[in-house]
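Here is the structure we will look at.
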Amino acid sequence: MTADAASAKPFKRLLLTGAAGGLGRELRRRLKAHCAVLRLSDIADLGSAAPGEELAPAALENAAAVLALLADVDAVVHLGGISTEGPFEPILQANIVGTYNLYEAARKQGVRRVVFASSNHVTGFYRQDEVINAAMPMRPDGHYGLSKAFGENLAQFYFDRYGIETVSLRIGSSFPEPADRRMLATWLSYDDLERLVLASLTAPVVGHSVIYGVSDNTTTWWDNTSARHIGYRPQDSSEPFRAAAMARQPVLDPTDPITRYQGGGFVIKGPYD
């Protein structure tokens with residue numbers, strides 16, 4: 001890459017944590033166009049570094065490793081951690097201790113913006129017959145949702161105390177296509193995911209913004225008006241997949257908690273002892 005090409009990119013160095021995960025792999029190939037260097041981190045195999053990439057494996061619960069990870073970084077897209085519901089102790093270490101370590105490292109290294117992969121499971125115990133917004137009280141549906149609620153509160157604290165800006169993305173269901181009826185409401189296309197992350201990185205002022213990561217679906221449980229100030233405009237919709245999703249689930253039991261609550265299957269997982 002020439003010096004002129006590198007200087008034309010909006011960021012000198014971006015950090016993507018959780019780069020070996022499903023969304024991390026997708027964003028890995030998409031974010032490279034927007035920075036001179038993309039630093040990639042995970043504890044899983046990252047493969048080989050492509051041109052313009054740096055591989056920096058690090059365990060999030062290791063504070064010293066995370067401090068080094070954030071050196072010379074302009075901004076962070078933080079996907080790292082456990083992304084499913086399960087026992088508390090592993091989630092505590094990866095998602096709670098790990099996210100604290102990331103914000104402390106951002107403070108010490110002078111990083112001014114974080115895009116935090118929160119989750120719709122922060123509000124999973126709202127019903128599917130409700131439309132909610134990001135200002136409403138959190139209602140986590142499990143240990144995973146609790147850890148993301150902690151992360152959002154941490155982001156608010158680090159903005160109020162230290163001025164580190166964060167966009168907390170309550171990501172719905174980001175897959176190539178919706179797998180079931182629930183995902184008709186929660187689906188986020190990969191292209192819209194990219195649009196959302198780039199808007200979160202480049203909006204002039206975000207403070208601490210909480211935004212639902214969702215496409216422009218016909219069925220929706222989330223009022224995403226608060227996304228307008230960062231310039232996020234979803235362009236995809238789950239509607240073309242509706243017939244297939246409904247054929248896979250022709251009948252739903254409205255008394256089933258999985259059907260009643262927005263968190264779906266997460267609301268019935270556990271206890272684990």
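The values are calculated or read from the model by the stated rules, or taken from the named source; none is laboratory data. From a predicted model like this one, the values you see are computed outputs, not experimental measurements. Quick reminder, even Gly has a Cβ in these numbers, built from the backbone with ideal geometry, and neighbours come from all protein chains shown. Accessible surface areas use protein heavy atoms only, side chains included; no ligands, DNA or RNA. Shrake-Rupley method; radii C 1.70, N 1.55, O 1.52, S 1.80 Å.
Check R161, R113 and return the single one that is modelled with pLDDT of 95 or more and either open to solvent by 60 Å² or more (accessible area, probe 1.4 Å) or out of contact with any Ser or Thr (no Cβ under 9 Å at 6 or more places or on another chain) (or both).
R161
Evaluate the following for A227: is it modelled with pLDDT under 95 and surrounded by 19 or more Cβ atoms within 10 Å (Cβ to Cβ)?
So A227 passes the test.
Mind listing whichever residues of region 211-224 are crowded, with 20+ Cβ neighbours inside 10 Å and touching an Asp or Glu at 6+ places or on another chain (Cβ under 6 Å)?
The one that is crowded, with 20+ Cβ neighbours inside 10 Å and touching an Asp or Glu at 6+ places or on another chain (Cβ under 6 Å): S215.
When residues of region 100-159 are filtered for being out of contact with any His (no Cβ under 7 Å at 6 or more places or on another chain) and among the hydrophobic types (A, V, I, L, M, F, W, C), how many remain?
16
What residue, among those in region 8-38 that are in contact with a helix residue (DSSP H, G or I) (Cβ under 7 Å, 6 or more places away or on another chain), under 17 Å from A49 (Cβ atoms) and part of a strand (DSSP E or B), is most open to solvent (accessible area, probe 1.4 Å)?
A36
Which one is surrounded by the most Cβ atoms within 10 Å (Cβ to Cβ), of the residues in region 79-94 that are in contact (Cβ under 8 Å) with a residue 12 or more places away in the chain and out of contact with any helix residue (DSSP H, G or I) (no Cβ under 6 Å at 6 or more places or on another chain)?
If we take residues in region 79-94 being in contact (Cβ under 8 Å) with a residue 12 or more places away in the chain and out of contact with any helix residue (DSSP H, G or I) (no Cβ under 6 Å at 6 or more places or on another chain), then G80 is surrounded by the most Cβ atoms within 10 Å (Cβ to Cβ).
If I go through region 126-158 residue by residue, how many of them are open to solvent by less than 70 Å² (accessible area, probe 1.4 Å), part of a strand (DSSP E or B) and touching a Lys or Arg at 6+ places or on another chain (Cβ under 8 Å)?
0
Just to be sure before I move on: is E61 open to solvent by 50 Å² or more (accessible area, probe 1.4 Å), of a type in the set (D, E), under 19 Å from the mean Cα position of the chain (by Cα) and farther than 24 Å from T202 by Cβ in the structure I sent?
Yes.
Can you list residue pairs whose Cβ atoms sit under 6 Å apart, with the first residue in region 218-241 being over 17 Å from V167 (Cα atoms) and in a loop (DSSP other than H, G, I, E, B) and the second being open to solvent by less than 50 Å² (accessible area, probe 1.4 Å) and among the polar types (S, T, N, Q)? Count only pairs 6 or more apart in sequence or on different chains.
W221/Q262; D236/S189; D236/S215; S237/S215; S237/N217; S238/N217
Yes/no matrix, rows are residues, columns are (1) under 23 Å from H229 (Cα atoms); (2) under 12 Å from the mean Cα position of the chain (by Cα); (3) modelled with pLDDT under 95:
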residue	(1), (2), (3)
E130	no, no, no
K148	yes, yes, no
Q156	yes, no, no
R182	no, no, no
D192	yes, no, no
R195	yes, no, no
V206	yes, no, no
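Only one residue in T123, T166 is among the hydroxyl-bearing types (S, T, Y), closer than 20 Å to L14 by Cβ and crowded, with 19+ Cβ neighbours inside 10 Å. Which one?
Result of the check over T123, T166: T166.
Might you check whether a residue that is surrounded by 14 or more Cβ atoms within 10 Å (Cβ to Cβ) and among the basic types (K, R) occurs anywhere in region 237-252?
Yes: region 237-252 contains one or more residues that are surrounded by 14 or more Cβ atoms within 10 Å (Cβ to Cβ) and among the basic types (K, R).
Any residue that is surrounded by 22 or more Cβ atoms within 10 Å (Cβ to Cβ), among the charged types (D, E, K, R) and in contact (Cβ under 8 Å) with a residue 12 or more places away in the chain - is there at least one of those in region 176-187?
Among the residues of region 176-187, at least one is surrounded by 22 or more Cβ atoms within 10 Å (Cβ to Cβ), among the charged types (D, E, K, R) and in contact (Cβ under 8 Å) with a residue 12 or more places away in the chain, which makes the answer yes.
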